[in-house]
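S.K.: Take this structure first; my questions come after.
The values are calculated or read from the model by the stated rules, or taken from the named source; none is laboratory data. From a predicted model like this one, the values you see are computed outputs, not experimental measurements. Quick reminder, even Gly has a Cβ in these numbers, built from the backbone with ideal geometry, and neighbours come from all protein chains shown. These area figures cover heavy atoms from the full protein model, side chains too; ligands, DNA and RNA do not enter into them. Shrake-Rupley method; radii C 1.70, N 1.55, O 1.52, S 1.80 Å.
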Amino acid sequence: MKTGLLAAGLFGYLCVSLPAEPALPLPFPVGERLVYQLDWTWIPVGESVVSTDWVKEDGRDLIRITLRTETNDFMDKIHNVEDQVESLVDPQTLLPIRVTERVHEPGRSVEEVTEFDRAGNQAHWKSLTTGETKDYAI
């Protein structure tokens, strides 16, 4: 009896915590992780990883798409790269809600956020590095 209640409770929890089914089929599977090896001619210099997962923000189920690029120990001595771009996407429209970019390279360190206001047809960009802001029509 206790096992049945536990199984029913677990099933109920999973049903409540699963994201809503998108209106259209997604062109990619959420949970996918793609790894790309970066080469400079024939010398390995790093890798880029693209991944997707479900996140919940403000009660909404969103898709997070993350691109992370890093150089390896060999390339770090020449030109170290640690870049990450993260996009939160509405699964119903596949339009971005927010894009965050973190770039750390020699001579360039940037952290920026762009938020999209679809109702107001505006994109709000902010540099977390300098505090500068700018609005764009979309």
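S.K.: Taking the stretch 79-110 only, how many residues are in a strand (DSSP E or B) and either hydroxyl-bearing (Ser, Thr, Tyr) or open to solvent by less than 60 Å² (accessible area, probe 1.4 Å) (or both)?
M.R.: Here is the first cut: in the stretch 79-110, the ones in a strand (DSSP E or B) are 82-89, 96-105, 108-110.
Still in the list and also either hydroxyl-bearing (Ser, Thr, Tyr) or open to solvent by less than 60 Å² (accessible area, probe 1.4 Å) (or both): 83-89, 96-101, 103, 105, 109-110.
The total comes to 17.
S.K.: If you go through the stretch 47-54 one residue at a time, do you hit one that is modelled with pLDDT of 95 or more and more than 18 Å from Glu101 (Cα to Cα)?
M.R.: Kept after step one, since they are modelled with pLDDT of 95 or more, are these residues of the stretch 47-54: 47-54.
Restricting the remaining residues to those that are more than 18 Å from Glu101 (Cα to Cα) gives 54.
Yes: the stretch 47-54 contains one or more residues that are modelled with pLDDT of 95 or more and more than 18 Å from Glu101 (Cα to Cα).
S.K.: In this structure, is Trp42 over 28 Å from Glu112 (Cα atoms), out of contact with any His (no Cβ under 8 Å at 6 or more places or on another chain) and modelled with pLDDT of 90 or more?
M.R.: Details: over 28 Å from Glu112 (Cα atoms): yes; out of contact with any His (no Cβ under 8 Å at 6 or more places or on another chain): yes; modelled with pLDDT of 90 or more: yes.
Yes.
S.K.: Looking at the stretch 54-73, I want the residues that are more than 15 Å from Ser87 (Cβ to Cβ) and have a partner that is among the acidic types (Asp, Glu) and assigned to a strand (DSSP E or B) with Cβ atoms under 7 Å, at least 6 apart or on another chain. Which pairs are those?
M.R.: What qualifies is Glu70/Glu47; Glu70/Glu82.
S.K.: What number of residues in the stretch 30-59 are open to solvent by less than 60 Å² (accessible area, probe 1.4 Å), of a type outside the set (S, T, N, Q) and under 12 Å from the mean Cα position of the chain (by Cα)?
M.R.: Count: 6.
S.K.: From the list Ala123, Ala137, which residue is in contact with a strand residue (DSSP E or B) (Cβ under 9 Å, 6 or more places away or on another chain), hydrophobic (A, V, I, L, M, F, W, C) and over 20 Å from Leu62 (Cα atoms)?
M.R.: Ala137
S.K.: Moving on. Just one of Glu115, Glu57 is at pLDDT below 95 and within 29 Å of Leu26 (Cβ to Cβ); which is it?
M.R.: Only one candidate qualifies: Glu57.
S.K.: Next question, about the same structure. Looking at (1) β-branched (Val, Ile, Thr); (2) more than 22 Å from Pro25 (Cα to Cα); (3) out of contact with any Ser or Thr (no Cβ under 6 Å at 6 or more places or on another chain), can you tell me which one Thr69 breaks?
M.R.: The single condition Thr69 does not satisfy is (3).
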